[in-house]
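Read the structure below first, then the notes.
The values are calculated or read from the model by the stated rules, or taken from the named source; none is laboratory data. All values reported here derive from a predicted model rather than from experimental measurement. Heads up, the Cβs are rebuilt from the backbone with ideal geometry, glycines too, and the neighbour counts pull from every protein chain shown.
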Amino acid sequence: MRTVDMPVFLQEYVTAEFDAAFAEKGLTHNDRMNDLQILLRYNHINLSSEQESIDPFMRVEAMNVELNYVAAIDIEIRETATNDIVWAGSISRIHQVVPGEYMHEDRARPAFRQSFRALLSSYPPLSVDPS
């Protein structure tokens, strides 16, 4: 699994929550031997043109502006042997962040897991040969 443009503080628990949701489909993460490559790409979309230059993860105390943006994570699953995309999807959420507010991991983790579960509901489960 690989992340692209993901804020450092999100990387560990976003990948852990994706792994957990993916495991519910009968698939496990193995970096050494894998049939699939998973890419999680973070996209940040400001909803106000005046806020284009503001990084919501590097807030200056003197900045007294509510930030409005969409945080999106695009997921690509590729077959390792061919590099063909075999499945893709995305999750997103609109954020309104007031000065002094910060990301609460305890609340965010279950929200990420639920979003990944809903997204992966269309991903085919691992079929096990009964013989």
Exercise. Which one is farthest from PRO110 (Cα to Cα) among residues in the stretch 1-33 that are modelled with pLDDT of 80 or more and in a loop (DSSP other than H, G, I, E, B)?
Worked result: ASP5
For this session: Taking GLU76 as the residue in question, decide whether it is acidic (Asp, Glu), at pLDDT 75 or above and in contact with a Pro (Cβ under 8 Å, 6 or more places away or on another chain).
Result: no
Exercise. Filtering the stretch 34-52 down to residues that are over 25 Å from ALA21 (Cα atoms) and surrounded by 15 or more Cβ atoms within 10 Å (Cβ to Cβ), which residue is modelled with the highest pLDDT?
Worked result: ASN46
Exercise. Inside the stretch 1-32, can you point out the residues that are touching a strand residue (DSSP E or B) at 6+ places or on another chain (Cβ under 9 Å) and of a type in the set (Ser, Thr, Tyr)?
Worked result: THR3, THR15
Seminar exercise, completed: Picked from the stretch 83-114 (must be closer than 27 Å to VAL65 by Cβ, among the β-branched types (Val, Ile, Thr) and assigned to a strand (DSSP E or B)), the residue modelled with the lowest pLDDT is VAL97
